[in-house]
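Take a look at the structure below.
Values quoted throughout were computed directly from the atomic coordinates according to the rules given, and no laboratory measurement underlies them. Since the model is a prediction, treat every value here as computed from it, not as a measurement. As a convention, Cβ positions derive from the backbone with ideal geometry for all residues, glycine included, and neighbour counts pool all protein chains shown.
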There are 2 protein chains.
Amino acid sequence: MDQIFSFQHLYQFTESVFIQMGCSITDAATATNALLSADIRGIDSHGVARLSGYVRLWEAKRINTTPNIRIVHETPSTAVIDGDAGLGLVVAPYAMQVAIDKAKNVGTGWVSVKNSNHFGIAGYHAMMALQHDIIGMAMTNASALVAPTFSIEKMLGTNPIAVAIPANEQPAFVADFATTTAANGKLEILQRKNADTPDGWVQDKDGNTTNDANILKKQGALLPLGSDREHGSHKGYALGSIVDIFSAVLSGASYGPWAPPFPAYIAMPENQPGQGLGHFFGAMRVDAFRPADEFKSHMDNWISRFRNAKPAPGYDKVLIPGDPEREMSAIRMSEGIPLLQSVVDDLTQVGVKFGVSL
Amino acid sequence: MDQIFSFQHLYQFTESVFIQMGCSITDAATATNALLSADIRGIDSHGVARLSGYVRLWEAKRINTTPNIRIVHETPSTAVIDGDAGLGLVVAPYAMQVAIDKAKNVGTGWVSVKNSNHFGIAGYHAMMALQHDIIGMAMTNASALVAPTFSIEKMLGTNPIAVAIPANEQPAFVADFATTTAANGKLEILQRKNADTPDGWVQDKDGNTTNDANILKKQGALLPLGSDREHGSHKGYALGSIVDIFSAVLSGASYGPWAPPFPAYIAMPENQPGQGLGHFFGAMRVDAFRPADEFKSHMDNWISRFRNAKPAPGYDKVLIPGDPEREMSAIRMSEGIPLLQSVVDDLTQVGVKFGVSL
């Protein structure tokens, strides 16, 4: 039922849409690369399927396609950046580059961003550091879908953390995960299949465990990584909180339940304590700690030792963070990107709006 | 059955033991403060109950009580420290102070440590930053007790992460957690009670879920935060891995399954790829991002908003990371620290060895 599109085909379409929305050619290319990196890596919930959502935010004047992205405060190793309500897909690569430049100067760079929007997948931005022999980190807050331990109120987004660490002969270590038991995209897949969730993913409006994949529409909530107190949900709640504070309280963005929602039809929460969404980026030059060749050869050793750890019966091998996405990238770059018919229809409508044919 | 001791009483005893082991008076005080912070905060598995374990490591010549702790490489925002096989309880505060000093100079400081030993609770070191209006972070690798997702081999320690964030009128946000579903100390409590573990804490030697609290002695393993793949154990595995890499691969300590074991009777793993245990510390001056008063008043707002999130039926309130430990500290500073009879007996033996009366 899926239709297959080449990366090149989707690239040209998406770039044209961003240009029609008013982005400069450079910004359109930056945003397209960031957005489609999700489709390439198999994180379909965060790729081109979201393009119409960005368009609706732009129509609602919550995205500015000609932003004046600027550093508003800095020290040798830190900066705060005002994204001027730009596309997160453009603001984030700018901010990550500032972190990388600071790492080149003083060993590490740490950048907190306010007044931004959704930035696609965190892993893409973290991975920008790898080619410089720099460890990259990226995180972002997001609209509140997650109930803290012991709460029935949604207070945090799925607040992902990405960490990319270079190796030499081995492919890089790339972790990129929501700080919830399951990402929202996994719920959406179950909704389309009319299937139940496993235990421990979501709770209903009274805080009871449920298997209803549509429970978020009924005042339910996603659960922090760990699912419940007995299995460490207070740790997932703490991780999501740290992402929220680093991304939004450090920068001056809106935090916690005030984070701006992605769907343009949902009203902004009242009494905003800051501006827009927040992100946080880190860059650590490995040779600020030990010679890069030495570090990378030990990373090779680390990765091959873990990949060859004794697997449990029924499993071939132990995976290194980033393995599944890298394998998917190789497949999709050669065989193309499958899109659901509903996504194709949605993109076709976007194309009609801007006079761009899918 | 527990015996109650005042903080002061345990302090004098512990400090005397460290001095008898050869520590300088300054180092003995530093180590005692770090060690007993666990007892005060209610993390009994990491406090004075471990003193005899440190003694045995010293007897096995794996702890050096007169270390030459030194910076072996640095940039304006980073350092690598060689702990010279010192007590982690002494090496870690030294390294955290270096991170704080670098943050004062260039906004942030990041210190990776090799050739160290167990450092007590991570939260104590992270909290050193708070009085300077600095966000503190601390993590450490540890001997392998945890099986990665899809593995039956123990490859990672419980590898804790601590993050301490200052507020103004509210108490600080202090997260401090093992990157496993349950910390090893929780297993030890169940072992003493002859009780089963909940599902999802441990697996047996074939990778099957089990409720046997003694399974680690039968080639079983602790599970990463998330318990199994369906509930996000690959995320807990990634977190534990990041702690291992930042602590040990960046510094040149021994990583993964090679991390030195805490019990002195367990032989060191062969073919060590580095020296000793590794730690990682971070310090971020909040005014390197925005004025400290502004940041701290927004942290007050963040904390009170979350503490007043709507609780689930049966719960009074939503907790902020650090609340339980702070409440315990207040109780134990006034009412004393309860020790199990087995711990009292163990400490009495230590005292006899050094001519120090408990």
Peptides A:252-262, B:50-60: what's the order by average Cβ count within 10 Å, highest mean first?
A:252-262, B:50-60
Just need log10 I(q)/I(0) for the range A:201-322 at q = 0.10, 0.15 Å⁻¹, Debye formula, equal scatterers on the alpha-carbon atoms, no solvent, rounded to two decimals.
-0.59, -1.01
Using every pair of alpha-carbon atoms in the range B:306-353, split the distances into 5 Å bins beginning at 0 and state the percent of pairs per bin, rounded to integers.
5, 16, 13, 13, 14, 12, 10, 6, 5, 4, 1
On a 18 Å Cα-Cα criterion, which of the cross-link pairs A:Lys102/B:Lys235; A:Lys193/B:Lys235; A:Lys296/B:Lys235; B:Lys154/B:Lys205; A:Lys102/B:Lys104 come out too long?
A:Lys102/B:Lys235; A:Lys193/B:Lys235; A:Lys296/B:Lys235
For label points placed 7 Å from Cα toward Cβ, what is the shortest-first list of nm distances from B:Gln191 to its copies?
4.7
The range A:159-213, Rg to Rh (Cα coordinates; Rh as Kirkwood inverse mean 1/r):
1.18
Over all directions, how big on average is the projection of the convex hull of the alpha-carbon atoms in the range A:1-85, in square nanometres?
7.1 nm²
Other-copy label distances relative to B:Glu169, 7 angstrom Cα-Cβ extension, nm
6.1
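Can you pull a Stokes-Einstein diffusion coefficient for the range B:84-134 at 20 °C (1.002 mPa s), Rh from Kirkwood over Cα pairs, as a whole number of µm²/s?
Answer, rounded: 191 µm²/s.
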Based on the alpha carbons, how large is the Rg to Rh ratio for chain B when Rh follows Kirkwood?
0.96
Among the chymotrypsin sites (Phe, Trp or Tyr not before Pro) in the range B:274-348, which ones are in a DSSP loop with at most 16 other Cβ atoms within 10 Å of the Cβ? Mind listing them?
B:Tyr315
Tell me the Rg and the Dmax, in Å, that the Cα atoms of the protein assembly as shown produce.
25.0, 88
With the label 7 angstrom out along Cα to Cβ, how close does A:Arg326 come to the same site in each of the other copies, in nm, nearest first?
4.3
Phi to ³J(HN,Hα) by Karplus 6.51 cos²θ - 1.76 cosθ + 1.60 over the range A:193-198, Hz, x for Gly, Pro
8, 6, 9, 7, 7, x
Per residue, the convex hull enclosing the Cα atoms of the range B:89-246 spans a volume in Å³ of 130 Å³
Inter-chain Cβ neighbour average for residues A:96-103, partner chain, 10 Å
1
For the range B:43-101, take the convex hull of the Cα atoms, compute a quarter of its surface area, and give me that in nm², please.
4.8 nm²
Taking the axis about which chain B rotates onto chain A, which residue of B lies nearest it as judged by Cβ position, and how many whole Å separate them?
B:Ser77, 2
Would you mind estimating how fast the range B:51-160 diffuses translationally, via Stokes-Einstein at 25 °C and 0.890 mPa s with the Kirkwood radius over Cα pairs, in µm²/s?
164 µm²/s
Local electrostatic count at B:Thr108 - Lys and Arg +1, Asp and Glu -1, tallied over other residues with Cβ under 14 Å:
0
Cα gyration tensor of the range B:266-358, axes a ≥ b ≥ c as square roots of the eigenvalues: rounded (a/c below 1.5), prolate (a/b > b/c) or oblate?
oblate
Would you give the gap between the C-alpha center of the range A:212-255 and the C-alpha center of the range B:220-248, rounded to a whole Å?
18 Å
Stokes-Einstein D for the range B:104-182 (4 °C, 1.567 mPa s, Kirkwood Rh from Cα pairs), in µm²/s, comes to 92 µm²/s
May I ask you to list the GluC sites (Glu not before Pro) in the range B:254-358 that are in a DSSP loop and have at most 13 other Cβ atoms within 10 Å of their Cβ?
B:Glu270
Taking each residue of B:217-230 in turn, how many C-beta atoms of other protein chains fall within 10 Å of its C-beta, and what is the average?
3
Could you check the simple spin-label distance between A:Arg229 and A:Lys353, using points 7 Å along Cα→Cβ, in nm with one decimal?
4.5 nm
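Take every residue in peptide A:238-251, count the Cβ atoms of other chains within 10 Å of its Cβ, and give the average of those counts.
So the per-residue partner count for this stretch is 6.
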